[in-house]
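Before any comments, here is the structure.
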Amino acid sequence: MNHTLLSGNVPRCLLRFAAPLLFANFLQSFYSIADMAIVGQLVGSTGLAAVSSASMLVFIINSVCTGVTMGGAALVAQYKGADDAVSQAEVTHTLFVLSALSAVLVTIAGLLAYRPILTLMDVPRAAMLHALAYMQVICLGTIFVFGYNAACSILRGLGDSIGPLLFVAIAAAVNIALDFLFVGGFQMGTRGAAAATVLSQGVSFSIALLFLRQRYAVFHFINNPFLIKYRHIKSILKIGIPSAIQMTVLNLSYLIVTGMLNGYGVAISAAAGIGLKINTFAAMPCWAIGQAVTTMAGQCIGAQMPQRAEQTAKTGLFCAVASGIIMTLAIQLFAGPAISLFIPIHADPAVLQAGILYLRICCSINFLAYAVMYIFDSFATGVGDAFFAMFNALLHSITMRLLLSWLLAVKCGLGYIGICLGEAIAPIIPAIVGLCYFLRGAWRSNDNAARNYKKDSD
């Protein structure tokens with residue numbers, strides 16, 4: 001693990017660590033951004049609404065995948081720091097086998113569930129066939145999602161941030177090229193967009209495997225290519241499950257809100273989907289800073305440096321809020337042109353107007369409150385308090401976002417505007433809760449990750 005995070009100027013260390021994470025996050029978002037933009041231009045509003053709705057299910061699949069692979073990355077990093085090559089190899093093999101098994105289970109569950117879930121989401125009739133075609137291909141390609149993320153997680157755990165960034169860049173480039181070929185050239189519609197995403201991940205996964213095998217001894221199969229160490233499975237899931245739950249709950253709330261939006265027709269559904277993609281893209285700097293805070297705070301607490309951990313959180317908070325202000329101003333100034341990137345020139349004007357309204361409301365106070373909430377949730381995860389991060393995620397996603405959106409849209413009769421207002425207000429109370437958690441200081445006495453790993457290894 002990169003122990004330089006434990007010395008030197010805190011802001012400089014944090015930003016240097018966050019920079020490659022930011023670039024990787026931006027490139028990763030090109031999967032969905034390219035699908036949305038190309039489908040919007042070549043298929044139209046119905047295809048756009050379909051991909052918007054289906055993307056919510058894709059996010060849930062990715063949440064499970066990230067949860068499993070995150071646990072493996074953390075363990076590899078710890079054993080790397082301990083110079084335990086044998087355990088690094090065992091965790092690597094165990095993670096790949098566990099990822100393959102998880103991919104099979106998720107594929108089966110996805111194929112059985114995507115049609116009823118899309119029906120429950122009230123996807124507009126005109127967009128339903130497009131959404132079903134998209135999800136069928138995505139579910140069949142789940143193995144590549146798990147494998148690709150497992151490979152990148154192992155590299156990050158080994159201290160290699162260049163490799164994952166390179167593979168993300170390759171995947172993004174292949175995805176965009178195949179989008180034009182399948183959606184535009186072969187006229188495959190949303191099925192082509194899904195195939196482009198799956199195949200791009202497959203290509204990047206294959207390259208990552210070759211890279212791992214050539215550069216790192218831990219990837220060489222020892223005796224059995226299906227080697228599994230059950231103690232490592234326990235440790236991987238112990239780390240990964242809380243993170244997976246947190247992200248799954250978040251994406252489930254988006255899915256339910258999308259279902260509410262679908263009830264207002266294709267134009268609103270497509271506009272909100274575009275707005276969410278832009279919102280997600282704009283949140284990338286905050287996410288990168290939060291990921292850096294998690295790692296840096298965890299190292300500081302493990303090294304018994306609570307003062308440096310506290311300074312890390314304060315620095316991360318300042319940087320995240322600053323990025324939130326910049327992104328908020330940019331979106332408020334360029335909401336119209338941003339929405340126009342995703343829709344045909346002669347598209348229904350209602351899509352453009354509804355999208356602008358979404359960005360005007362949701363990318364306001366929401367960004368600043370979310371930055372505060374996310375930094376303190378990330379900090380809690382880093383210091384070993386996964387329970388608090390999950391609690392705050394539940395508070396934000398279910399109690400605040402869903403309840404507020406329903407009350408304002410249905411009970412107060414505000415409709416689409418009510419849902420947007422609910423989205424904007426939702427992070428405020430979780431942000432306050434996160435601030436109180438940090439100021440209270442109970443995290444100083446938490447059982448930290450380093451001690452937990454040591455126990456698991458004994």
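Residue check, residue 313 against (1) at pLDDT 90 or above; (2) more than 19 Å from residue 427 (Cβ to Cβ), all met but one. Which one? That leaves (2) as the condition not met. Look at residue 187 and say whether it is out of contact with any His (no Cβ under 9 Å at 6 or more places or on another chain) and at positive phi. So residue 187 fits the description; yes. Scanning region 393-409 for residues that are within 15 Å of residue 246 (Cβ to Cβ), free of Cβ contacts under 8 Å to residues at least 40 places away in the same chain and surrounded by fewer than 17 Cβ atoms within 10 Å (Cβ to Cβ) yields a single hit, 399.
Flag set for residue 429, criterion: on the phi < 0 side of the Ramachandran plot and modelled with pLDDT of 90 or more. Within the set 296, 260, the sole residue that is touching a Ser or Thr at 6+ places or on another chain (Cβ under 9 Å), part of a helix (DSSP H, G or I) and within 24 Å of residue 6 (Cβ to Cβ) turns out to be 296. Of the helices (runs of 4 or more DSSP H) entirely within region 354-419, those holding at least 1 residues that are over 21 Å from the mean Cα position of the chain (by Cα) and aliphatic (A, V, I, L, M) occupy 365-382, 403-406.
Among the residues in region 172-191, are any among the basic types (Lys, Arg), over 25 Å from residue 20 (Cα atoms), at pLDDT 85 or above and surrounded by 16 or more Cβ atoms within 10 Å (Cβ to Cβ)? Yes, some residue in region 172-191 is among the basic types (Lys, Arg), over 25 Å from residue 20 (Cα atoms), at pLDDT 85 or above and surrounded by 16 or more Cβ atoms within 10 Å (Cβ to Cβ). So is residue 64 in contact with a His (Cβ under 7 Å, 6 or more places away or on another chain), at pLDDT 80 or above, within 22 Å of residue 242 (Cα to Cα) and in a helix (DSSP H, G or I) or not? So residue 64 fails the test. For region 145-170, filtering for residues that are outside any helix (DSSP H, G or I) and among the polar types (S, T, N, Q) leaves 1.
For residue 95, the stated conditions do not hold, so it cannot be described as touching a His at 6+ places or on another chain (Cβ under 9 Å), buried (at least 21 other Cβ atoms within 10 Å of the Cβ) and modelled with pLDDT under 80. Quick check on residue 301: is it in contact (Cβ under 8 Å) with a residue 12 or more places away in the chain, in a helix (DSSP H, G or I), over 29 Å from residue 45 (Cα atoms) and more than 21 Å from the chain's Cα centre (by Cα)? When the stated conditions are applied, residue 301 passes them. Scanning region 279-293 for residues that are surrounded by fewer than 24 Cβ atoms within 10 Å (Cβ to Cβ) and either hydroxyl-bearing (Ser, Thr, Tyr) or part of a helix (DSSP H, G or I) (or both) yields 279, 280, 281, 282, 284, 285, 287, 291. In region 326-353, of all residues being part of a loop (DSSP other than H, G, I, E, B) and within 23 Å of the chain's Cα centre (by Cα), the one that is modelled with the lowest pLDDT corresponds to 342.
The residues on offer are 173, 133, and the sole one that is free of Cβ contacts under 8 Å to residues at least 40 places away in the same chain and either within 21 Å of the chain's Cα centre (by Cα) or in a helix (DSSP H, G or I) (or both) is 173. One residue alone among 261, 250 is at negative phi and under 15 Å from the mean Cα position of the chain (by Cα), and that residue is 250.
The values are calculated or read from the model by the stated rules, or taken from the named source; none is laboratory data. What you see is a predicted model; the values in this text were computed from it and never measured. So basically every Cβ, Gly included, is an ideal-geometry build from the backbone, and we count neighbours across all protein chains shown.
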